[in-house]
Amino acid sequence: MQQAEQAQARPRDDVAQDFLVIQNVVKSFDALRAVDDVSIAIRKGEIFALLGSSGCGKTTLLRMLAGFEVPTSGKILLAGTDIRTFPAYARPINMMFQSYALFPHLTVWDNIAFGLRRDGLPKAEIAERVDSMLKLVQLHLKGYGKRKPHQLSGGQQQRVALARSLAKRPQLLLLDEPLAALDKKLREETQLELVNIVERVGVTCVMVTHDQEEAMTMASRIAVMSEGKLLQVGAPDEIYETPNCRFVADFIGNVNMFNGRVAIDEPDHCIVDTLEGQFYVGHGISGTKGMDVSVGIRPEKMRISRDAPDGAYNHTEGVVENMAYLGSYTVYHVKLKTGRICKVSAANTQRHLGDRPTWNDRVYLSWGQSDVVVLTR
Amino acid sequence: MPSILKCFDPRSWLRGRYFVIGTPYLWLILFFLVPFLIVFKMSFTEPVNAGNPFGQLVTWADGFVNLRIKVANYEFIAEDQLYFLTYLSSIRYAALTTVFCLIIGYPFAYFMARAKPTLRPTLMMMVMLPFWTSFLLRVYAWKGILTNHGLLNNFLMSIGAINSPIHIMNTPVSLMIGMVYVYLPFMILPLYSNLVKMDVRFLEAAADLGSKPWTTFWKITVPLSKSGIIAGSMLVFIPCIGEFVVPELLGGPQTLMIGRVLWDEFFSNNDWPMAATVAVVMLVIIMFPLAIFNRYQAQEQGAKA
């Protein structure tokens, strides 16, 4: 996978590096703003994921890139050209549709050749390209080319759809929920295979998904959207470890969120008062004293123990109300003094774990000063 | 109990499934197959006058059972060019009607299917609306429009487009106008129900792959609506072959159709056996497109399974 660089939400000044630039794009359907002033810069060769729950505007944004919707305002620059009003058929962009939209009356071979024929390529070249595409997705044997889409399994259809969308060597590949139609096991296998193929071809790729695991596995950068707005853009680890708002922290993975107030704010640390005690955070925040903030801690960043930790900060206590053994880790539901439930996960790194807390045990939860995120919005 | 045996178990006959399937079959056997067999039998008999328009196949006289099968009617149809030409012209008019209905009906159905969902029921109503008045009345109305001093000629003369009336009535043109008018809804409805179900993602996928709208129409929309085209064409073509009322009212001496011949054999010549023969041959002719239709449908079903 590609090394992710410093992420940003806004297009940078040196546009040359940015291959696809979405600038202040708005799409309104009557009173509804499906996409609300979104700006993203996507670099050449990267796999970029638009992540969000249904109705967040990610699909509308993708459809604007494909040319099925025209933005109400804003610009879409592909390699410097504004393609905002180009019809779909005139864009050097191809899309792999959700549940594939393979033409049912055409064979696999003709499906892949469809786009090449529209370009009026010579027959020999079409044949050569279709065959190489079939080889790329490993469907070149057993006469798959002569079959109709309904004679293929879901996984095979997915590969034909990928081959069809890559056959024209598009400058930009769009994937709309590429793996949603596959069952769980096949989906996991296919994720990395899809990334491998896309990277081998070297095409820039924008994908839409509601599945955060899929986004994190496949994409080099992720944009999290909600209610038409772009919330955060970043590499998977950035989005997970340094979410910029409550929604992102909550949407990606699990998080224990505590509301509090800034008690001390120094350049090298800050202290937040909450009902569950004082949080000592190992960095300053761009806030003011007395400001309402939330602090979030991921379940795996918390330590659970029967022994009381030292120090005045960064621990609390409660009772194990529930626990779920999930194989590679165990999730504890700890009821704190305030009555709220806190989730803590502990990795099961050994087969026989000795003295671990169990139901109804009184336990202490503790965390490091850099394991907390302070969220101001 | 195996399901095959169940069919013979009277207790299960009245139970939902067999009853539901059985009723239309029973209906068709009683009111289609039996009458057809009577007609079929009739076509091999001799005409007898005096109250009984056709004779018996099997007679009993002087201790003999006589079976007389007359095939002369079939021979006559095979030999007499008039019948052959009439069948041919019936097929031609039916085919032409089908083609015109398709040319007019396809765009009609297409735009209906692509109209706003809220508008579609209204458009549908407008296609069905003619059925609310008598078929006969509507065909008569065309007479009023197409005659030499009818609405159309009067209008064209009043705006000075023509000096003397164009002779349309009782020509192949008036016949075609009437036939296309009457059968158009039968083309539109199956086409519409097919096109409205079509997944627009196929059209988007085609556009995405560089196909311009017109190419998409021919390469994707038309092939995917093939079953609707075939269903609509059958619904128009088959009844058109035997159509009697429209040619009778709007046709003329040039537009001989088999329905007319049938009528004449029955009611002018009083030759029921000959009329029955004409009808049987017509049915055989219609069987061909029906068989093609059935085979296609079976293939479609097979492809989906």
* To do: With a 1.4 Å probe on protein heavy atoms only, tell me which residues of the stretch A:86-133 lose at least 20 Å² of accessible surface in the complex relative to the chain by itself.
  => A:Ala88, A:Tyr89, A:Asn94, A:Phe97, A:Ala101, A:Phe103, A:Pro104, A:His105, A:Phe114, A:Arg118
* Area of A:His283 that stays accessible when all protein chains are in place (1.4 Å probe, Å², to 10) -> 80 Å²
* Structure fact -> Taking the dipole of chain A about the Cα centre (Lys, Arg +1; Asp, Glu -1; charges at Cβ), the one of A:Tyr364, A:Val160, A:Met96 that reaches farthest to the positive side is A:Val160
* Full extension from B:Glu79 to B:Trp218: what is 0.36 nm times the residue separation minus their Cα-Cα distance, to one decimal in nm? -> 45.6 nm
* Can you pull the one-decimal nm distance between simple spin-label points at A:Val319 and A:Thr338, each 7 Å off the Cα toward Cβ? => 1.9 nm
* Structure fact -> Measure of exposure for A:Arg303: accessible area at 1.4 Å probe, Å² rounded to 10, is 130 Å²
* Asked: Which FRET efficiency value, to the nearest 0.05, is calculated for B:Phe155 and B:Val99 with the Förster distance at 25 angstrom and r the Cβ-Cβ distance?
  -> 0.35
* Asked: Which entries of A:Lys27/A:Lys184; A:Lys58/B:Lys212; A:Lys135/B:Lys219; A:Lys27/A:Lys148 show an alpha-carbon separation above 30 angstrom in the structure shown?
  -> A:Lys27/A:Lys184; A:Lys27/A:Lys148
* To do: Would you calculate the separation in nanometres between label points at A:Glu227 and B:Leu88, each defined as 7 Å from the Cα along the Cα-to-beta-carbon direction?
  => 7.7 nm
* Extension gain, A:Ser73 back to A:Ser54 (0.36 nm per residue minus Cα-Cα distance, nm) -> 4.6 nm
* Is it possible to state the helix-based mean residue ellipticity at 222 nm for chain B, with each DSSP H run of 4+ residues giving -39500 (n - 2.57), the sum divided by total residues, to the nearest 500 deg cm²/dmol? What is it? -> -20500 deg cm²/dmol
* Compute the accessible area of each residue in the stretch B:188-222 twice, once for its chain alone and once with every protein chain present, using a 1.4 Å probe on heavy atoms, and list those whose area falls by at least 40 Å². => B:Arg201, B:Phe202, B:Glu204, B:Ala205, B:Asp208, B:Leu209, B:Gly210, B:Lys219, B:Ile220
* What is the Cα centroid distance between the stretch A:287-329 and the stretch A:152-229, reported in whole angstrom? -> 36 Å
* Quick one: accessible area per residue over the protein assembly as shown, 1.4 Å probe, rounded to a whole number of Å²? -> 52 Å²
* Roughly how big is the protein assembly as shown's charge dipole about its Cα centre, with Cβ charges of +1 (Lys, Arg) and -1 (Asp, Glu), in debye to the nearest 20? -> 900 debye
* Check the straight Cα-Cα distances from B:Lys41 and name the lysines below 19 Å, setting aside those fewer than 8 residues away within the same chain. => B:Lys70
* Calculated from DSSP H runs of 4 or more alone, at -39500 (n - 2.57) each and per residue, what is the 222 nm mean residue ellipticity of chain A, nearest 500? -> -6500 deg cm²/dmol
* Asked: Which percent, to the nearest 5, of DSSP beta bridges fully inside chain A are antiparallel?
  -> 80 percent
* Taking the Cα centre of each part, how many Å lie between the stretch B:97-174 and the stretch B:226-269? -> 19 Å
* Asked: How many nm separate the modelled label positions at A:Asp37 and B:Val284, each set 7 Å beyond the Cα in the direction of the Cβ?
  -> 8.1 nm
* **Theoretical gain in end-to-end length, A:Ile264 to A:Arg303 [0.36 nm per residue, Cα-Cα removed]** => 11.5 nm
* To do: Kindly point out which whole DSSP H helices in chain B project their C-alpha atoms 24 angstrom or further along the helix axis while averaging a Kyte-Doolittle hydropathy of 1.0 or above.
  => B:81-114, B:172-197
* Asked: With solvent modelled as a 1.4 Å probe, how much accessible area in total do chains B and A shield from it at their shared surface, in Å² to the nearest 100?
  -> 1800 Å²
* For the protein assembly as shown, share of DSSP beta bridges that run antiparallel, in % to the nearest 5 -> 80 percent
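The values are calculated or read from the model by the stated rules, or taken from the named source; none is laboratory data. As the structure is a computational prediction, the values presented were derived from the model and not from experiment. Because the Cβ atoms are built from the backbone with ideal geometry, glycine has one as well, and the counts that use them run over all protein chains shown. Surface areas here come from the heavy atoms of the whole protein model, side chains and all, with no ligands, DNA or RNA. Shrake-Rupley method; radii C 1.70, N 1.55, O 1.52, S 1.80 Å.
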